[in-house]
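Colleague: Input: one structure, supplied below.
The values are calculated or read from the model by the stated rules, or taken from the named source; none is laboratory data. Quantities reported herein were computed from a predicted structural model and do not represent experimental measurements. All Cβ positions, glycine included, derive from the backbone under ideal geometry; neighbour counts span all protein chains shown. With ligands, DNA and RNA removed, areas are computed over all heavy atoms of the protein, side chains included. Shrake-Rupley method; radii C 1.70, N 1.55, O 1.52, S 1.80 Å.
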Amino acid sequence: MPQLGLLHGRVWASLLGKLLRPPGAVCIGAVHSHSQVAEAVLVSQLKPHQEKSNFIIKTPKGTRDLTPQQMVVREKILDLVVSCFKRHGAKGLDTPAFELKEVLTEKYGEDSGLIYDLQDQGGELLSLRYDLTVPFARYLAMNKVKKMKRYHVGKVWRRESPTIVQGRYREFCQCDFDIAGQFDPMIPDAECLKIMCEILSGLQLGDFLIKMSWKDVRHEMVAKKGLAPEVADRIGDYVQCHGGVSLVEQMFQDPRLSQNKQALEGLGDLKLLFEYVTLFGIAEKISFDLSLARGLDYYTGVVYEAVLLPTPAQAEEEPLNVGSVAAGGRYDGLVGMFDPKGHKVPCVGLSIGVERIFSIVEQKMKTFGEKIRTTETQVFVASPQKNFLQERLKLIAELWDAGIKAELLYKNNPKLLTQLHYCENMGIPLVVIVGEQELKEGVIKLRSVASREEVAIKRENLVAEIQKRLSES
């Protein structure tokens with residue numbers, strides 16, 4: 001009886017809705033009360049008369065949609081980046097898109113005003129994550145993890161003035177690699193620099209240079225190593241004059257430094273770092289920058305940024321100004337800020353500027369007019385005659401089950417020319433054709449889209465032949 005009563009209620013509500021509803025109004029969804037019916041009718045009456053002229057369909061400021069062509073490029077970039085992280089032994093990690101507001105507070109210095117706070121829903125005060133580093137530190141402290149090598153790819157949000165031309169957005173993707181734990185000096189730091197070089201070389205963006213902040217190195221020497229400021233400044237003179245790989249050699253030839261015990265101790269970590277990056281074969285890519293400084297409060301040691309160097313042709317024109325394409329540094333105190341007892345876990349890491357790199361790659365592709373395939377379809381299933389949908393469906397199922405990427409047109413009787421044109425437009429390399437003649441002979445025609453050559457293959461050998469051709473291409 002309760003079910004019958006509910007049915008009666010629905011029928012009554014439906015009838016009442018029809019009685020109250022004016023011509024042209026539409027009620028959506030099931031309603032079970034007088035108020036719901038009245039509300040549904042009111043909404044349906046208002047919608048057709050709403051003014052739409054003031055409403056502009058667009059994405060929010062500082063965000064964008066990515067087209068299928070853009071997604072292909074982005075996925076290739078991300079695949080290269082993540083494969084490098086995995087090559088170096090990193091584990092994947094993901095964290096919530098939003099954190100407790102107090103987790104993010106006072107971690108970013110002046111940039112804290114750029115954090116997106118979420119509206120209070122009567123519970124926890126929350127904010128969208130500003131980067132992937134602070135959530136990682138929170139994860140380490142919360143789970144009492146003392147050692148971890150991890151990578152994380154995810155979106156972050158910042159309320160800054162977007163400059164789309166320079167690849168800066170309010171919503172963007174970050175790719176981070178970090179090494180957490182107590183290790184011998186400068187080995188993890190050198191590996192981070194090596195990873196940065198591998199990724200930027202692999203992306204073939206052009207020549208690049210990794211600039212290390214002299215201000216942070218000087219602070220380390222004076223505040224933590226006890227080096228006299230004037231001796232640190234003497235080292236700074238060498239940094240400014242000589243930069244990269246010859247830096248250590250030049251400094252140790254200066255008697256005012258080589259005979260100063262404090263100076264030698266202060267230069268210890270720097271010497272180690274240059275030894276390691278030399279062994280990694282990347283010393284020529286490292287340089288010091290007297291002006292470089294990172295604004296985030298959690299950095300405690302050397303910070304570094306990778307910048308692209310303009311080619312001679314770009315120097316004459318106005319180059320795409322994208323700023324740094326990768327950055328990182330050491331943050332030994334961040335995990336301790338979340339630990340109740342203040343236990344520290346030293347960390348060093350890097351972040352790849354995917355959005356900026358994407359802007360560069362996109363511009364290059366436009367310049368050279370490169371065509372992008374938006375699908376990975378390998379084989380198209382076609383028929384030259386009518387009433388062959390069932391045969392096409394059986395055939396494509398065989399291909400899918402064999403792990404072959406295949407498509408067909410969602411029509412009962414498509415024209416063969418239409419099907420072949422689709423393959424050419426989409427860049428699909430192979431077509432399998434099944435028709436009356438093929439069924440009689442127990443074969444399938446295999447057509448190369450590029451050469452237009454066709455061969456008859458026995459049905460039972462089709463999958464093996466396709467796989468052979470795909471492996472050779």
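Colleague: Give me the aspartates and glutamates in straight-line cross-link reach of Lys440: C-alpha distance below 20 Å, same-chain residues under 8 apart excluded.
Modeller: Partners within reach: Glu391, Glu398, Glu454, Glu460.
Colleague: What are the aspartates and glutamates whose alpha-carbon lies under 14 Å from the alpha-carbon of Lys144, with same-chain residues fewer than 8 places away excluded?
Modeller: Asp339
Colleague: A further question follows. Quick one: of Lys394/Lys458; Lys366/Lys405; Lys58/Lys101, which pairs are farther than 26 Å apart, Cα to Cα?
Modeller: From the list (Lys394/Lys458; Lys366/Lys405; Lys58/Lys101), the Cα-Cα distance tops 26 Å for Lys366/Lys405; Lys58/Lys101.
Colleague: Return the tail of the calculated pair distribution for the stretch 89-186, meaning the percent of Cα-Cα pairs more than 22 Å apart.
Modeller: Summing the P(r) tail past 22 Å for the stretch 89-186 gives 36 percent.
Colleague: How much area per residue is accessible in the stretch 388-473 when the probe is 1.4 Å and only protein heavy atoms are counted (Å²)?
Modeller: Spelled out: the 1.4 Å probe surface of the stretch 388-473, per residue, equals 61 Å².
Colleague: Taking loop as defined by DSSP and a crowding limit of 11 other beta carbons within 10 Å, which GluC sites (Glu not before Pro) in the stretch 69-136 fit?
Modeller: The qualifying sites are Glu106.
Colleague: Restricting attention to the stretch 434-473, which GluC sites (Glu not before Pro) occupy a DSSP loop and are surrounded by at most 14 other Cβ atoms within 10 Å?
Modeller: Answer in residue order: Glu453.
Colleague: With the cut-off at 32 Å, tell me which of the pairs Lys107/Lys147; Lys86/Lys224; Lys86/Lys146; Lys91/Lys211; Lys149/Lys225 have Cα atoms farther apart than that.
Modeller: Cα-Cα > 32 Å for Lys86/Lys224; rest within.
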